[in-house]
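Beneath this line is the structure, given in structure tokens, with notes to follow.
Nothing in this text is a laboratory measurement; each read-out follows from the coordinates by a stated rule. Keep in mind that this is a model prediction, so the values were computed, not measured. Counting neighbours? That spans all protein chains shown, and the Cβs are built from the backbone with ideal geometry, glycine included.
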Amino acid sequence: MANRTRLAALVIATLCSTTGVIRAEEHLGSGGQQYQVRMTPREGMIVKMAITGAIRRLGTESCQRVFDDFTDPSGLALSANLRATGKAAGGALAALYFAEGDGTSQCRSEARVVAFTEPGSHVVHVCGARFAKFGANIEVAEILLIHELLHSLGLAENPPTSGQITDTVRSRCSR
């Protein structure tokens, strides 16, 4: 686990040092959690707002049940994977690294992709230009970040589809 975190930090540090657009920042959210957001200021601000809102949602009993709705490829409930991190759901989300993804093939070629990560990864790539459009509808952005948290805890796709994951998160975590 520590090696993954160090690897994620190394990848992000490399991204930050090789592009002029991405800016390394650590942000404190409400409650004192550090947010690791490596994006341009405008998009980064929207991501930080979405993280803060998603953490509030994750604090509800209904939203907590989303971790029992899904399993990792070995059949283990994501709630068990979350417990293994030693963090509450909001803390697990706050511990993720959010990196600018506009230059990735996923953001360039998939018009519907707004953010993505690999199962078990601690790095969420955000298609900043698309994600910034959610500034006017931050609820959608919050739901999408919870969706990505599920992937970081080991959830794969197909099955379930991306739409099924988002629908379940929306159902459990809407206010």
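Some notes on this structure:
- Label-point separation in nm, residue 164 to residue 65, each point 7 Å along Cα→Cβ: 1.9
- Contour minus Cα-Cα distance for residue 156 and residue 105 (0.36 nm per residue): 16.4 nm
- 3J(HN,Hα) along the stretch 47-62, derived from phi through the Karplus expression 6.51 cos²θ - 1.76 cosθ + 1.60 where θ = phi - 60°, amounts to 4, 4, 4, 5, 4, 4, x, 5, 4, 4, 4, 5, x, 8, 4, 4 Hz, with x in place of Gly and Pro.
- For the stretch 59-104, the fraction of alpha-carbon pairs lying more than 12 Å apart is 67 percent, rounded to a whole number.
- Taking N as its residue count, the alpha carbon Rg of the stretch 106-175 over 2.2 N^0.38 Å: 1.05
- By the beta-carbon count within 10 Å of each Cβ, the least crowded to most crowded order of 174, 79, 152, fewest first, is 174, 79, 152.
- Amide H contacts of residue 35: 27, 28, 29, each under 5 Å away and 5 or more positions distant or on a separate chain (H built 1.01 Å from N in the peptide plane; Pro and chain starts excluded).
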